Amino acid sequence: MKKINSLILILSLGLASSVSAQKKTIDQRVDSVMKLMTLKEKVGQLNQYSGREVTGPSSDRKNYLLNDIKNGMVGSMLNVKGVKDTREIQAIALQSRLKIPMLFSLDVIHGYKTVFPIPLAESASWDIDAIRATAHVAAAEAAASGIHWTFAPMVDIARDPRWGRVMEGAGEDTYLGSVIARARVLGFQGNKLGAVDGIMACAKHFAAYGASMAGRDYNPVDMSEQQLHEIYLPPFKAAADAGVATFMNSFNTLNGIPATGNSYLQRDILKGAWGYKGFVVSDWGSIKEMLPWGFATDLNEAAKFAIEAGSDMDMESEAYKKELESLIKSGNVNVKVADDAVRRILYKKFELGLFDDPYKFSDEKREAKVMNDPSYQKIALAAAQKSIVLLKNKANILPLQKSMQRIALIGPLVNAKRDQAGSWVVYADTANIVSVNEGMRAKFGNAQFSYSEGTSITDTSTVGFNMAITTAKNADVVVMVLGENWDMSGESKSRTDISLPGKQEELFNAIKATGKPVVVVMMAGRPLVFNNIADKADAIVYAWFLGDQGGNAIADVLSGDYNPSGKLPMSFPRNVGQIPIFYNHYNTGRPVTKSNDIRYKSAYIDSPNDPRFAFGYGLSYTSFAYSDLKLAQASVIKGQTMKLSFTLTNTGKVTGEEVAQLYIQDKVASLVRPVKELKDFAKVKLNSGESKVINFELTPAKLAFYKEKFGWITEPGIFKVMIGGSSDEIKLEGDFKLR
Ligand code: BGC
């Protein structure tokens with residue numbers, strides 16, 4: 001036994017020293033490059049341009065960019081893609097004195113050529129392997145096309161559906177968001193940087209951007225330390241722990257200080273407490289935005305604030321390029337600060353292998369092969385199916401019988417292709433996207449289809465209604481495809497009114513009045529408000545923007561070939577006045593305990609408090625029973641893990657998947673705690689009648705909360721345990737004591 005142990009020790013020491021030797025090699029190589037660099041060349045590495053024009057027709061901007069590249073003044077470019085273009089630009093970078101290769105970056109948010117569901121949709125799958133798989137395909141395609149680095153995942157927690165960027169993230173919950181952040185980072189990067197089917201990921205936007213005041217993009221954020229550490233930072237920490245190569249800072253201020261100039265965030269927390277070794281890129285122009293914020297007097301001051309606060313690379317402000325050299329020469333900025341930034345960037349270039357082969361990611365043969373890999377569409381279909389959330393299914397109208405005779409397709413999004421790609425499409429051929437019309441016709445081969453648009457998304461007239469009504473009257477069932485267009489969510493797409501745009505609600509009423517059963521398929525990049533439809537539709541399928549295979553996935557759900565399994569990653573409000581609305585809120589000193597008694601209670605007089613559809617909610621064509629909750633002990637000592645188990649049974653007639661969710665409540669603490677906090681979940685597939693015992697563990701970290709001046713702490717007391725298939729449908733409850 002002893003021998004085996006010492007062998008393991010020798011082997012692991014050997015491994016450790018070879019790892020540090022390898023690391024030393026990169027450090028040494030970085031040092032050797034740094035020694036050769038002039039101050040100007042160092043500054044060049046910190047400069048990032050958008051290179052859209054650089055391969056285009058001759059223009060002043062093109063000449064300007066080319067000149068800077070040749071002079072070693074560009075460390076990275078975004079928006080140059082494809083083997084041909086990246087090779088061409090890399091060759092110019094290699095004409096510079098030190099021949100330092102350029103990093104090509106791009107917003108590969110939910111697919112490169114293959115378009116996957118928007119990130120919020122994918123998060124509704126709660127399927128971590130599927131999420132990792134799509135990120136990996138996106139990376140493989142981008143990496144085959146000359147890209148080294150994506151500006152994803154966005155890991156901002158978002159509790160305000162007015163904010164258009166909710167479509168880019170994982171929704172409102174910190175635990176789910178952290179698990180997904182990790183999966184996306186591993187999906188994009190693979191196990192090790194440098195493999196030609198992976199790219200560097202970027203955790204963005206650091207930090208608290210999702211809390212932009214009033215849901216308006218680029219707005220300020222004011223929040224407590226406790227909220228910041230407990231709600232908004234953990235997904236970033238999860239990304240850092242998963243080895244994310246880069247971070248991007250954000251457009252917002254945090255408690256009065258722009259994130260880009262925020263050394264508390266970037267130096268104290270990220271590079272300090274978390275020991276983060278990657279580099280931080282500014283968001284687009286966010287260094288110069290410190291001027292309109294009224295935080296910096298001029299670009300010179302902005303550059304000083306940003307570099308000192310830990311923003312390593314300057315995206316599109318030209319603040320470093322124009323100001324850093326003189327700031328350093330005049331002694332206003334210590335050269336060590338800039339050296340650290342340069343070192344971090346060069347390190348990544350070495351890790352990617354670009355110094356050994358600057359064209360490593362620009363291989364025409366690989367590009368042609370990878371870009372047409374048919375297996376990717378299968379991954380896209382699975383991801384799209386899993387992302388769909390069934391919100392309502394009155395009298396089990398769904399799934400529709402395949403023998404259905406006459407199906408009317410009505411609404412502005414029946415033929416949607418581009419819309420189903422959502423925002424952030426970088427290379428896709430959106431004409432290839434499968435519309436609902438195409439998907440349904442392929443699936444229900446024997447049915448007779450009719451179609452009427454009825455109204456466009458933003459129509460102000462009702463002229464198309466009559467035709468749509470006639471179409472409905474001549475059908476056995478109506479499938480209405482309603483929602484937002486792709487350009488109503490995403491960056492800079494905040495809305496104050498998140499109900500259905502245009503005359504769509506009126507069209508729905510007119511069609512419903514025909515007496516025909518109406519199934520509504522809703523497409524959007526955010527939770528929408530649609531109470532009337534929620535009340536009256538026979539079924540509602542929330543289909544977000546599902547990407548390439550959207551129409552097929554929707555047809556699979558409507559036909560029952562796929563049993564829906566998605567659960568909402570964000571609360572759906574009843575009206576905008578409830579926002580921000582999220583399940584893990586506090587109780588208040590005057591909670592509403594009986595819905596009909598709201599006098600002097602924390603309530604609205606014109607709306608219930610609860611959302612229309614809760615976080616974690618989603619129906620299936622089968623049903624699940626929860627039983628036999630067993631807590632391993634009645635109490636645990638601080639530092640111990642509480643183990644628990646329960647039995648999940650498929651009580652319906654068909655195979656289905658359930659997302660079983662574990663919530664806790666710390667009943668009494670020195671800081672008031674939320675009514676519920678998600679701490680684990682399991683997505684489980686069960687055949688009809690099948691049961692399975694599910695195990696969860698509440699580790700000490702899951703029982704902790706953040707308290708200013710103390711950090712993460714746990715306090716003795718009673719913890720309530722709640723398990724169910726939605727945050728508002730708890731099926732099992734228990735409690736235990738922490739001693
Ligand atoms: C966005 C970032 C994005 C960057 C580069 C900015 O406007 O906020 O998320 O990565 O542009 O396109």
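The values are calculated or read from the model by the stated rules, or taken from the named source; none is laboratory data. For clarity, every value in this text was computed on a predicted model and none was experimentally measured. In this analysis, Cβ positions are derived from the backbone assuming ideal geometry, glycine residues included, and neighbour counts consider all displayed protein chains. These accessible areas exclude ligands, DNA and RNA; they are computed on the full protein's heavy atoms, side chains included. Shrake-Rupley method; radii C 1.70, N 1.55, O 1.52, S 1.80 Å.
Take Ile109 and tell me if it is in a loop (DSSP other than H, G, I, E, B), within 16 Å of the ligand (Cβ to nearest atom) and open to solvent by 10 Å² or more (accessible area, probe 1.4 Å). In short, yes. Scanning region 265-296 for residues that are part of a loop (DSSP other than H, G, I, E, B), of a type outside the set (S, T, N, Q) and on the phi < 0 side of the Ramachandran plot yields Trp274, Tyr276, Lys277, Gly278, Asp283, Trp284, Ile287, Leu291, Pro292, Trp293, Phe295, Ala296. Could you list, ordered by first residue, the pairs with Cβ atoms under 8 Å in which the first is in region 317-328 and in a helix (DSSP H, G or I) and the second is of a type in the set (D, E, K, R), at least 6 apart or interchain? If the second residue must be of a type in the set (D, E, K, R), the pairs left are Ala319/Lys288; Tyr320/Asp314; Lys321/Asp68; Lys321/Asp314; Glu323/Lys304; Glu325/Lys40; Leu327/Lys304.
Evaluation of Gln226 against the conditions (1) surrounded by fewer than 19 Cβ atoms within 10 Å (Cβ to Cβ); (2) within 16 Å of the ligand (Cβ to nearest atom) shows that the sole unmet condition is (2). When region 653-683 is filtered for residues that are free of Cβ contacts under 8 Å to residues at least 40 places away in the same chain and within 19 Å of Ile694 (Cα to Cα), only Ala682 remains. Yes or no: region 517-531 includes at least one residue that is over 17 Å from Met404 (Cβ atoms), open to solvent by 10 Å² or more (accessible area, probe 1.4 Å) and outside any helix (DSSP H, G or I). Yes, some residue in region 517-531 is over 17 Å from Met404 (Cβ atoms), open to solvent by 10 Å² or more (accessible area, probe 1.4 Å) and outside any helix (DSSP H, G or I). Across region 454-490, the number of residues qualifying as at pLDDT 95 or above and either buried (at least 17 other Cβ atoms within 10 Å of the Cβ) or among the aromatic types (Phe, Trp, Tyr) (or both) comes to 24. Candidates are the residues of region 482-506 that are within 20 Å of Ala408 (Cβ to Cβ) and assigned to a helix (DSSP H, G or I); the one that is farthest from the ligand (Cβ to nearest atom) is Glu506. Just one of the listed residues (Ala555, Ala603) is more than 20 Å from Gly171 (Cα to Cα) and not in a loop (DSSP other than H, G, I, E, B), namely Ala555. Within region 237-250, residues that are closer than 20 Å to Gly194 by Cβ reach partners that are acidic (Asp, Glu) with beta carbons closer than 8 Å, at six or more positions or on different chains, in the pairs Ala245/Glu351. Say we look at region 229-248 and pick out the residues that are open to solvent by less than 10 Å² (accessible area, probe 1.4 Å) and assigned to a loop (DSSP other than H, G, I, E, B); which of these is farthest from the ligand (Cβ to nearest atom)? Across region 229-248, the extreme among qualifying residues is Leu233. Evaluating Lys365 against the criteria (1) without any contact (Cβ under 8 Å) to a residue 12 or more places away in the chain; (2) part of a loop (DSSP other than H, G, I, E, B) leaves one unmet condition, (2).
Filtering region 149-176 to residues that are assigned to a loop (DSSP other than H, G, I, E, B), within 15 Å of the ligand (Cβ to nearest atom) and not hydrophobic (A, V, I, L, M, F, W, C) leaves Pro153, Asp156, Gly169. Scanning region 306-357 for residues that are within 16 Å of the ligand (Cβ to nearest atom) and not aliphatic (A, V, I, L, M) returns Ser311, Asp312, Asp314, Glu316, Ser317, Glu318. Among the residues making up region 249-261, those that are within 20 Å of Gln48 (Cβ to Cβ) and within 16 Å of the ligand (Cβ to nearest atom) are Asn249, Ser250, Phe251, Pro258, Ala259, Thr260. Among the residues here, Lys369 qualifies as more than 16 Å from Phe444 (Cα to Cα) and modelled with pLDDT under 95.
Keeping to region 432-448, report how many residues are under 16 Å from Asp476 (Cα atoms) and open to solvent by 40 Å² or more (accessible area, probe 1.4 Å). Counting residues in region 432-448 that are under 16 Å from Asp476 (Cα atoms) and open to solvent by 40 Å² or more (accessible area, probe 1.4 Å) gives 4.
For region 563-610, a residue qualifies if it is open to solvent by 50 Å² or more (accessible area, probe 1.4 Å) and polar (S, T, N, Q), and the qualifying residues are Asn575, Asn587, Thr588, Thr593, Ser595, Asn596, Ser602, Asn609.
Assessment of region 333-356 against the conditions (open to solvent by less than 30 Å² (accessible area, probe 1.4 Å), under 20 Å from Gly72 (Cα atoms) and part of a loop (DSSP other than H, G, I, E, B)) yields at least one matching residue. Being hydrophobic (A, V, I, L, M, F, W, C) and assigned to a strand (DSSP E or B) is the filter; apply it to region 384-411 and report the residue that is nearest to Pro119 (Cα to Cα). In this case the residue turns out to be Val389. Residue pairs whose Cβ atoms lie under 7 Å apart, separated by 6 or more positions or on different chains, with the first residue in region 207-226 and at positive phi and the second among the aliphatic types (A, V, I, L, M) and assigned to a loop (DSSP other than H, G, I, E, B), are Ala208/Met223; Gly215/Ile579.
On the basis of being farther than 24 Å from Lys277 by Cα and crowded, with 19+ Cβ neighbours inside 10 Å, does Asp298 make the cut?
Here the answer is no, as Asp298 does not meet what is asked.
In region 417-457, what residues are part of a helix (DSSP H, G or I) and of a type in the set (A, V, I, L, M, F, W, C)? Residues satisfying the conditions are Ala421, Ala431, Val436, Met440, Ala442. When you scan region 370-379, do you find a residue that is over 28 Å from the mean Cα position of the chain (by Cα) and open to solvent by 40 Å² or more (accessible area, probe 1.4 Å), even just one? No: zero hits. If the condition is being open to solvent by 30 Å² or more (accessible area, probe 1.4 Å) and closer than 22 Å to Thr150 by Cβ, then region 195-217 contributes Ala195, Val196, Asp197.
Among residues of region 480-505 that are over 24 Å from Pro580 (Cβ atoms), those with a Cβ under 6 angstrom from a residue that is more than 16 Å from the ligand (Cβ to nearest atom) and at pLDDT below 95, sequence gap 6+ or separate chain, pair up as Gly502/Asp459; Lys503/Asp459.
Let's see how each residue does on (1) touching a strand residue (DSSP E or B) at 6+ places or on another chain (Cβ under 7 Å); (2) away from the ligand (no atom under 16 Å from the Cβ); (3) farther than 29 Å from Ser499 by Cα:
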| site | (1), (2), (3) |
| --- | --- |
| Ala144 | no, yes, yes |
| Asn191 | no, yes, yes |
| Ala195 | no, yes, yes |
| Met200 | yes, no, yes |
| Lys204 | yes, no, no |
